[in-house]
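Remarks on the structure that follows.
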Amino acid sequence: MSDAAKVMRRCDVLAACTEEPGGITRRFASDAMGRAHQYVREWMLEARMAVTRDNVGNLRGRYEGAGKGTLLLGSHLDSVRDAGKYDGPLGVMVAIAAVQRLRDAGKRLPFAIETLAFADEEGLRFGSTYLGSRAVAGRLDAAELQRIDADGVTMAEAIRAFGGDPGRIGDDRWTGERPLGYVEVHIEQGPVLEARGLPVGAVSAIAGQSRFEIMFTGEAGHAGTVPMDRRRDALTAAAEVVLAVEAAASTEPGLVATVGRLDVEPGAANVIPGRVSFTLDVRHPNDRTRASACEALLARTRETARRRRLGVEVRAVSERASVACSPRLTKLMGEAIGGRALEVASGAGHDGVYMSEITDVAMLFVRCKGGISHNPAESVTEADVGVALDVLSRFLELL
Ligand SMILES: [Zn+2]
(Lines give C-alpha, C1' and ligand atoms only; values in the text may rest on other atoms or scores of the structure.)
Protein backbone atom coordinates (compact mmCIF):
# COMPACT_ATOMS: atom_id res chain seq x y z
CA MET A 1 0.00 0.00 0.00
CA SER A 2 1.35 3.47 -0.89
CA ASP A 3 1.93 6.05 1.83
CA ALA A 4 -0.95 8.15 0.45
CA ALA A 5 -3.29 5.15 0.47
CA LYS A 6 -2.35 4.59 4.10
CA VAL A 7 -3.17 8.22 4.94
CA MET A 8 -6.57 7.83 3.23
CA ARG A 9 -7.28 4.62 5.13
CA ARG A 10 -6.33 6.21 8.43
CA CYS A 11 -8.73 9.09 7.75
CA ASP A 12 -11.43 6.43 7.23
CA VAL A 13 -10.52 4.79 10.54
CA LEU A 14 -10.75 8.15 12.38
CA ALA A 15 -14.10 8.86 10.69
CA ALA A 16 -15.49 5.85 12.57
CA CYS A 17 -14.54 7.51 15.88
CA THR A 18 -17.76 9.49 16.17
CA GLU A 19 -20.38 10.42 18.73
CA GLU A 20 -23.17 10.07 16.18
CA PRO A 21 -23.33 6.82 14.22
CA GLY A 22 -23.94 7.44 10.53
CA GLY A 23 -22.11 10.77 10.60
CA ILE A 24 -18.86 12.26 11.91
CA THR A 25 -19.06 14.34 15.09
CA ARG A 26 -15.99 14.35 17.31
CA ARG A 27 -16.07 16.99 20.00
CA PHE A 28 -13.34 18.13 22.35
CA ALA A 29 -12.56 15.61 25.13
CA SER A 30 -15.32 13.21 24.04
CA ASP A 31 -15.23 9.40 24.14
CA ALA A 32 -14.98 9.50 20.34
CA MET A 33 -11.87 11.66 20.68
CA GLY A 34 -10.48 9.15 23.19
CA ARG A 35 -10.92 6.36 20.64
CA ALA A 36 -9.27 8.49 17.93
CA HIS A 37 -6.33 9.08 20.28
CA GLN A 38 -5.78 5.33 20.71
CA TYR A 39 -5.27 4.98 16.96
CA VAL A 40 -3.22 8.15 16.50
CA ARG A 41 -0.96 7.23 19.43
CA GLU A 42 -0.32 3.84 17.85
CA TRP A 43 0.54 5.42 14.49
CA MET A 44 2.87 7.91 16.14
CA LEU A 45 4.61 5.09 18.01
CA GLU A 46 4.94 3.14 14.76
CA ALA A 47 6.84 6.14 13.33
CA ARG A 48 9.14 5.94 16.40
CA MET A 49 7.83 9.11 18.00
CA ALA A 50 7.74 9.62 21.75
CA VAL A 51 4.07 10.25 22.50
CA THR A 52 2.62 12.42 25.26
CA ARG A 53 -0.75 13.98 25.93
CA ASP A 54 -0.89 17.42 27.52
CA ASN A 55 -3.51 18.71 29.96
CA VAL A 56 -5.89 20.26 27.45
CA GLY A 57 -5.80 16.98 25.50
CA ASN A 58 -3.42 17.58 22.59
CA LEU A 59 -1.58 14.45 21.50
CA ARG A 60 2.07 15.21 20.83
CA GLY A 61 4.52 12.95 19.00
CA ARG A 62 8.21 13.85 19.02
CA TYR A 63 10.81 12.52 16.60
CA GLU A 64 14.24 13.59 17.77
CA GLY A 65 16.75 15.13 15.42
CA ALA A 66 20.51 15.08 15.24
CA GLY A 67 20.89 18.69 16.34
CA LYS A 68 19.06 21.44 18.15
CA GLY A 69 15.73 23.06 17.35
CA THR A 70 12.21 21.76 16.78
CA LEU A 71 9.87 22.06 13.83
CA LEU A 72 6.19 21.74 14.71
CA LEU A 73 3.77 19.98 12.38
CA GLY A 74 0.09 19.54 13.06
CA SER A 75 -3.61 20.07 12.69
CA HIS A 76 -6.73 19.28 14.72
CA LEU A 77 -8.57 16.03 15.46
CA ASP A 78 -11.93 17.51 16.52
CA SER A 79 -14.74 18.16 14.06
CA VAL A 80 -17.88 20.16 13.48
CA ARG A 81 -21.26 18.41 13.72
CA ASP A 82 -21.87 16.05 10.78
CA ALA A 83 -18.40 16.71 9.42
CA GLY A 84 -16.31 15.34 6.58
CA LYS A 85 -13.31 13.04 7.00
CA TYR A 86 -10.45 15.38 6.13
CA ASP A 87 -10.79 18.82 7.74
CA GLY A 88 -8.14 18.45 10.46
CA PRO A 89 -7.27 14.73 10.51
CA LEU A 90 -5.67 14.89 7.04
CA GLY A 91 -3.00 17.31 8.31
CA VAL A 92 -2.17 15.08 11.28
CA MET A 93 -2.06 11.94 9.13
CA VAL A 94 0.21 13.53 6.48
CA ALA A 95 2.54 14.78 9.23
CA ILE A 96 2.80 11.31 10.77
CA ALA A 97 3.37 9.76 7.33
CA ALA A 98 6.20 12.23 6.64
CA VAL A 99 7.90 11.23 9.90
CA GLN A 100 7.30 7.56 9.11
CA ARG A 101 9.21 8.06 5.84
CA LEU A 102 12.17 9.49 7.73
CA ARG A 103 12.11 6.62 10.15
CA ASP A 104 11.81 4.01 7.35
CA ALA A 105 14.84 5.59 5.68
CA GLY A 106 16.64 5.54 9.05
CA LYS A 107 17.08 9.31 8.75
CA ARG A 108 17.43 11.93 11.44
CA LEU A 109 17.12 15.59 10.42
CA PRO A 110 19.29 18.30 12.00
CA PHE A 111 16.20 19.27 14.03
CA ALA A 112 13.45 17.45 15.92
CA ILE A 113 9.91 17.20 14.58
CA GLU A 114 7.01 17.47 16.98
CA THR A 115 3.62 16.50 15.59
CA LEU A 116 0.72 18.20 17.36
CA ALA A 117 -2.75 16.67 17.09
CA PHE A 118 -4.83 19.50 18.52
CA ALA A 119 -7.71 18.71 20.87
CA ASP A 120 -10.05 21.44 19.61
CA GLU A 121 -10.06 23.92 16.76
CA GLU A 122 -13.69 24.06 15.70
CA GLY A 123 -15.08 24.93 19.14
CA LEU A 124 -18.17 22.72 18.78
CA ARG A 125 -18.44 21.61 22.40
CA PHE A 126 -17.81 24.83 24.32
CA GLY A 127 -18.45 27.49 21.68
CA SER A 128 -14.87 28.65 22.03
CA THR A 129 -12.43 27.85 19.23
CA TYR A 130 -8.73 26.89 19.09
CA LEU A 131 -8.57 25.42 22.63
CA GLY A 132 -5.66 23.15 21.65
CA SER A 133 -3.39 25.67 19.94
CA ARG A 134 -4.29 28.36 22.46
CA ALA A 135 -3.04 26.12 25.27
CA VAL A 136 0.25 25.62 23.41
CA ALA A 137 0.53 29.37 22.77
CA GLY A 138 -0.24 30.08 26.44
CA ARG A 139 -3.42 31.93 25.53
CA LEU A 140 -6.08 29.79 27.20
CA ASP A 141 -7.41 31.75 30.19
CA ALA A 142 -8.47 30.01 33.39
CA ALA A 143 -11.86 31.78 33.12
CA GLU A 144 -12.61 29.72 30.01
CA LEU A 145 -12.55 26.55 32.11
CA GLN A 146 -15.92 27.54 33.58
CA ARG A 147 -17.68 27.44 30.20
CA ILE A 148 -20.38 24.75 30.06
CA ASP A 149 -21.38 22.46 27.21
CA ALA A 150 -24.92 21.53 26.15
CA ASP A 151 -25.13 18.94 28.97
CA GLY A 152 -24.05 21.36 31.70
CA VAL A 153 -20.53 19.92 31.96
CA THR A 154 -17.83 22.53 32.57
CA MET A 155 -14.68 22.59 30.49
CA ALA A 156 -12.68 21.88 33.64
CA GLU A 157 -14.75 18.74 34.31
CA ALA A 158 -14.45 17.63 30.69
CA ILE A 159 -10.66 18.03 30.78
CA ARG A 160 -10.43 16.07 34.05
CA ALA A 161 -12.65 13.26 32.70
CA PHE A 162 -10.37 13.08 29.65
CA GLY A 163 -7.31 12.60 31.88
CA GLY A 164 -5.91 16.13 32.02
CA ASP A 165 -5.43 18.48 34.95
CA PRO A 166 -7.38 21.70 34.35
CA GLY A 167 -5.30 23.44 37.02
CA ARG A 168 -2.13 22.84 35.01
CA ILE A 169 -3.18 24.05 31.56
CA GLY A 170 -0.36 26.58 31.91
CA ASP A 171 2.10 23.67 31.64
CA ASP A 172 0.91 22.96 28.08
CA ARG A 173 2.48 26.17 26.90
CA TRP A 174 5.53 25.89 24.64
CA THR A 175 8.46 26.80 26.86
CA GLY A 176 11.50 25.58 24.98
CA GLU A 177 13.51 27.56 22.48
CA ARG A 178 11.48 29.31 19.80
CA PRO A 179 10.45 26.53 17.35
CA LEU A 180 11.79 26.65 13.77
CA GLY A 181 8.21 26.98 12.57
CA TYR A 182 4.72 25.50 12.57
CA VAL A 183 3.63 23.82 9.35
CA GLU A 184 0.09 22.60 8.69
CA VAL A 185 -1.34 20.63 5.79
CA HIS A 186 -5.09 21.23 5.40
CA ILE A 187 -7.81 20.85 2.79
CA GLU A 188 -8.39 24.13 0.98
CA GLN A 189 -12.10 24.46 1.89
CA GLY A 190 -12.41 26.63 -1.21
CA PRO A 191 -12.51 26.23 -5.00
CA VAL A 192 -9.32 28.04 -6.14
CA LEU A 193 -6.96 25.05 -6.53
CA GLU A 194 -9.63 23.01 -8.30
CA ALA A 195 -10.34 25.87 -10.71
CA ARG A 196 -6.60 26.19 -11.50
CA GLY A 197 -6.16 22.44 -11.88
CA LEU A 198 -3.56 22.27 -9.08
CA PRO A 199 -3.30 19.51 -6.43
CA VAL A 200 -1.73 21.73 -3.74
CA GLY A 201 -0.91 25.36 -3.01
CA ALA A 202 1.04 27.35 -0.44
CA VAL A 203 -0.99 29.63 1.83
CA SER A 204 -0.09 33.32 1.91
CA ALA A 205 -2.23 34.42 4.86
CA ILE A 206 -5.15 33.50 7.09
CA ALA A 207 -7.84 36.13 6.69
CA GLY A 208 -8.77 38.40 9.57
CA GLN A 209 -12.36 38.41 10.69
CA SER A 210 -14.86 40.83 12.25
CA ARG A 211 -18.21 39.81 13.66
CA PHE A 212 -21.12 42.06 14.60
CA GLU A 213 -24.62 41.69 16.04
CA ILE A 214 -26.99 44.31 14.65
CA MET A 215 -30.53 45.11 15.77
CA PHE A 216 -33.13 47.28 14.02
CA THR A 217 -36.10 48.40 16.10
CA GLY A 218 -39.16 49.73 14.33
CA GLU A 219 -42.81 49.30 15.19
CA ALA A 220 -44.91 46.16 15.02
CA GLY A 221 -48.39 46.69 13.62
CA HIS A 222 -51.35 45.11 11.86
CA ALA A 223 -50.44 43.88 8.37
CA GLY A 224 -53.92 44.76 7.15
CA THR A 225 -54.50 48.21 8.60
CA VAL A 226 -51.22 50.16 8.78
CA PRO A 227 -50.72 52.00 5.45
CA MET A 228 -47.40 51.51 3.67
CA ASP A 229 -46.21 55.09 4.20
CA ARG A 230 -46.76 54.88 7.96
CA ARG A 231 -44.75 51.73 8.55
CA ARG A 232 -41.47 51.33 10.39
CA ASP A 233 -40.69 47.82 9.20
CA ALA A 234 -37.48 46.43 10.70
CA LEU A 235 -37.27 43.51 8.26
CA THR A 236 -37.35 45.54 5.03
CA ALA A 237 -34.50 47.61 6.48
CA ALA A 238 -32.54 44.45 7.29
CA ALA A 239 -33.23 43.14 3.79
CA GLU A 240 -31.69 46.31 2.37
CA VAL A 241 -28.56 45.78 4.48
CA VAL A 242 -28.27 42.10 3.56
CA LEU A 243 -28.22 43.01 -0.13
CA ALA A 244 -25.81 45.89 0.47
CA VAL A 245 -23.43 43.50 2.25
CA GLU A 246 -23.54 41.13 -0.71
CA ALA A 247 -22.99 43.93 -3.21
CA ALA A 248 -20.06 45.42 -1.28
CA ALA A 249 -18.29 42.08 -0.93
CA SER A 250 -18.86 41.25 -4.60
CA THR A 251 -17.03 44.35 -5.78
CA GLU A 252 -13.98 44.22 -3.45
CA PRO A 253 -11.45 41.51 -4.42
CA GLY A 254 -10.76 39.10 -1.58
CA LEU A 255 -13.57 40.42 0.61
CA VAL A 256 -16.23 38.01 1.88
CA ALA A 257 -19.15 39.17 4.01
CA THR A 258 -22.10 37.20 5.29
CA VAL A 259 -25.35 37.71 7.16
CA GLY A 260 -25.78 34.21 8.53
CA ARG A 261 -28.54 34.60 11.08
CA LEU A 262 -31.63 36.77 11.14
CA ASP A 263 -34.26 36.78 13.91
CA VAL A 264 -37.58 38.45 13.16
CA GLU A 265 -39.97 39.58 15.92
CA PRO A 266 -42.74 39.05 16.52
CA GLY A 267 -42.52 36.76 13.50
CA ALA A 268 -46.12 36.32 12.42
CA ALA A 269 -47.67 36.38 8.93
CA ASN A 270 -50.07 39.20 9.77
CA VAL A 271 -47.77 41.45 11.82
CA ILE A 272 -45.31 44.06 10.52
CA PRO A 273 -41.86 43.06 11.85
CA GLY A 274 -41.07 45.35 14.78
CA ARG A 275 -37.60 44.11 15.56
CA VAL A 276 -34.93 42.27 13.65
CA SER A 277 -31.53 41.21 14.90
CA PHE A 278 -28.90 39.75 12.60
CA THR A 279 -25.21 38.84 12.43
CA LEU A 280 -22.57 40.23 10.11
CA ASP A 281 -19.29 38.38 9.44
CA VAL A 282 -16.60 40.18 7.39
CA ARG A 283 -13.26 38.70 6.32
CA HIS A 284 -10.26 39.80 4.26
CA PRO A 285 -6.54 38.88 4.27
CA ASN A 286 -5.69 42.59 4.55
CA ASP A 287 -6.74 44.10 7.90
CA ARG A 288 -7.03 47.66 6.58
CA THR A 289 -9.32 46.59 3.76
CA ARG A 290 -11.44 44.64 6.24
CA ALA A 291 -11.64 47.59 8.63
CA SER A 292 -12.71 50.04 5.93
CA ALA A 293 -15.27 47.55 4.58
CA CYS A 294 -16.73 47.17 8.09
CA GLU A 295 -16.85 50.92 8.50
CA ALA A 296 -18.67 51.38 5.18
CA LEU A 297 -21.16 48.59 5.92
CA LEU A 298 -21.96 49.90 9.39
CA ALA A 299 -22.36 53.44 7.99
CA ARG A 300 -24.77 52.05 5.43
CA THR A 301 -26.64 50.25 8.24
CA ARG A 302 -27.02 53.47 10.26
CA GLU A 303 -28.06 55.44 7.18
CA THR A 304 -30.75 52.83 6.46
CA ALA A 305 -32.07 53.13 10.02
CA ARG A 306 -32.19 56.94 9.82
CA ARG A 307 -33.98 57.01 6.49
CA ARG A 308 -36.51 54.45 7.66
CA ARG A 309 -36.94 56.03 11.11
CA LEU A 310 -35.72 52.96 13.01
CA GLY A 311 -33.63 52.46 16.10
CA VAL A 312 -30.34 50.69 15.49
CA GLU A 313 -27.85 48.98 17.80
CA VAL A 314 -24.51 47.63 16.64
CA ARG A 315 -22.44 45.37 18.86
CA ALA A 316 -18.93 44.26 17.87
CA VAL A 317 -18.79 40.59 18.88
CA SER A 318 -15.26 39.65 17.90
CA GLU A 319 -12.31 40.77 15.87
CA ARG A 320 -9.26 38.79 14.81
CA ALA A 321 -6.39 40.22 12.81
CA SER A 322 -5.20 38.38 9.74
CA VAL A 323 -2.12 36.21 10.11
CA ALA A 324 0.49 36.43 7.40
CA CYS A 325 2.32 33.18 6.78
CA SER A 326 6.10 33.43 7.08
CA PRO A 327 7.51 34.65 3.73
CA ARG A 328 10.65 32.58 4.30
CA LEU A 329 8.85 29.29 5.04
CA THR A 330 6.23 29.95 2.36
CA LYS A 331 8.96 30.50 -0.22
CA LEU A 332 10.50 27.21 0.85
CA MET A 333 7.10 25.56 0.53
CA GLY A 334 6.87 27.00 -3.00
CA GLU A 335 10.24 25.44 -3.83
CA ALA A 336 9.05 22.13 -2.40
CA ILE A 337 5.95 22.33 -4.63
CA GLY A 338 8.08 23.24 -7.63
CA GLY A 339 6.87 24.46 -11.00
CA ARG A 340 4.21 27.11 -10.85
CA ALA A 341 3.45 27.20 -7.16
CA LEU A 342 0.27 29.12 -6.43
CA GLU A 343 -0.24 31.10 -3.23
CA VAL A 344 -3.78 31.31 -1.89
CA ALA A 345 -5.23 33.13 1.11
CA SER A 346 -7.31 31.20 3.61
CA GLY A 347 -10.76 32.56 4.39
CA ALA A 348 -11.19 29.98 7.14
CA GLY A 349 -9.38 30.21 10.47
CA HIS A 350 -6.73 27.64 11.42
CA ASP A 351 -4.54 26.68 14.39
CA GLY A 352 -1.79 28.72 12.73
CA VAL A 353 -3.59 31.82 14.01
CA TYR A 354 -2.42 31.11 17.57
CA MET A 355 0.73 29.23 16.66
CA SER A 356 1.88 32.45 14.94
CA GLU A 357 2.26 33.93 18.44
CA ILE A 358 5.11 31.55 19.24
CA THR A 359 6.67 30.83 15.85
CA ASP A 360 6.65 31.33 12.06
CA VAL A 361 3.76 29.67 10.27
CA ALA A 362 3.42 28.01 6.87
CA MET A 363 0.50 26.08 5.43
CA LEU A 364 -0.02 23.75 2.50
CA PHE A 365 -3.53 23.48 1.07
CA VAL A 366 -4.77 20.33 -0.66
CA ARG A 367 -7.39 20.58 -3.40
CA CYS A 368 -10.82 19.36 -2.29
CA LYS A 369 -13.77 18.50 -4.48
CA GLY A 370 -16.05 21.45 -5.19
CA GLY A 371 -14.35 23.41 -2.39
CA ILE A 372 -16.77 21.68 -0.01
CA SER A 373 -15.95 21.32 3.70
CA HIS A 374 -17.77 21.04 7.04
CA ASN A 375 -19.94 18.55 5.20
CA PRO A 376 -19.98 14.73 4.83
CA ALA A 377 -19.36 15.30 1.08
CA GLU A 378 -15.82 16.56 1.81
CA SER A 379 -13.54 14.77 -0.64
CA VAL A 380 -9.86 14.62 -1.60
CA THR A 381 -8.08 12.23 -3.97
CA GLU A 382 -5.37 9.79 -3.01
CA ALA A 383 -3.19 11.25 -5.78
CA ASP A 384 -3.43 14.77 -4.32
CA VAL A 385 -2.66 13.46 -0.85
CA GLY A 386 0.40 11.76 -2.35
CA VAL A 387 1.53 15.10 -3.79
CA ALA A 388 1.00 16.84 -0.42
CA LEU A 389 3.06 14.18 1.37
CA ASP A 390 5.89 14.45 -1.20
CA VAL A 391 5.85 18.25 -0.88
CA LEU A 392 6.00 18.10 2.93
CA SER A 393 8.86 15.58 2.78
CA ARG A 394 10.77 17.83 0.36
CA PHE A 395 10.04 20.83 2.57
CA LEU A 396 11.60 19.03 5.56
CA GLU A 397 14.74 18.36 3.54
CA LEU A 398 14.98 21.91 2.19
CA LEU A 399 14.63 23.30 5.69
ZN1 LIG B 1 -9.77 22.59 10.02
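General remarks:
- Met228/Arg306 FRET efficiency (R0 22 Å; Cβ-Cβ; nearest 0.05): 0.70
- Sorted peptide list for 5-13, 99-107, 350-358, criterion being average Cβ within 10 angstrom, highest first: 350-358, 5-13, 99-107
- P(r) histogram, all alpha-carbon pairs of the range 1-80 included - 5 Å bins from 0, percent: 3, 13, 21, 24, 19, 11, 5, 2, 1, 0
- FRET efficiency estimate (nearest 0.05) - Cβ-Cβ, Arg103 to Thr52, R0 25 angstrom: 0.90
- Each Lys and Arg Cβ is given +1 and each Asp and Glu Cβ -1; about its Cα centre, the chain then shows a dipole of about 540 debye.
- More than 28 angstrom apart: percent of Cα pairs within the range 254-399: 42
- With viscosity 1.306 mPa s and temperature 10 °C, the Kirkwood radius over alpha carbon pairs of the chain converts through Stokes-Einstein to a diffusion coefficient of 70 µm²/s.
- Taking other residues whose beta carbon is less than 15 angstrom from the beta carbon of Glu219, and scoring Lys, Arg as +1 and Asp, Glu as -1, yields +3.
- Normalised alpha carbon radius of gyration of the range 143-251 [divisor 2.2 N^0.38 Å]: 1.90
- A full extension of the chain between Gln38 and Arg173 corresponds to an added length of 46.3 nm, given 0.36 nm per residue minus the alpha carbon distance.
- Surface composition of the range 1-80: carbon and sulfur make up 48 percent of the accessible area, probe 1.4 Å.
- In a fully extended conformation the segment linking Ile148 and Glu382 would gain 80.3 nm over its present Cα-Cα distance, using 0.36 nm per residue.
- Subset of Lys6/Lys331; Lys85/Lys107; Lys85/Lys369; Lys6/Lys68; Lys6/Lys369 violating a 24 Å alpha-carbon distance limit: Lys6/Lys331; Lys85/Lys107; Lys6/Lys68
- Between helix 3-15 and the chain: long-axis angle, C-alpha atoms, 0 to 90°, nearest 10: 50
The values are calculated or read from the model by the stated rules, or taken from the named source; none is laboratory data. All of these numbers come straight from a predicted model, not from anything done at the bench. Here Cβ is always computed from backbone atoms with ideal geometry, including for glycine, and neighbour counts include all displayed protein chains. Protein only, heavy atoms only, side chains kept; ligands, DNA and RNA dropped before computing areas. Shrake-Rupley method; radii C 1.70, N 1.55, O 1.52, S 1.80 Å.
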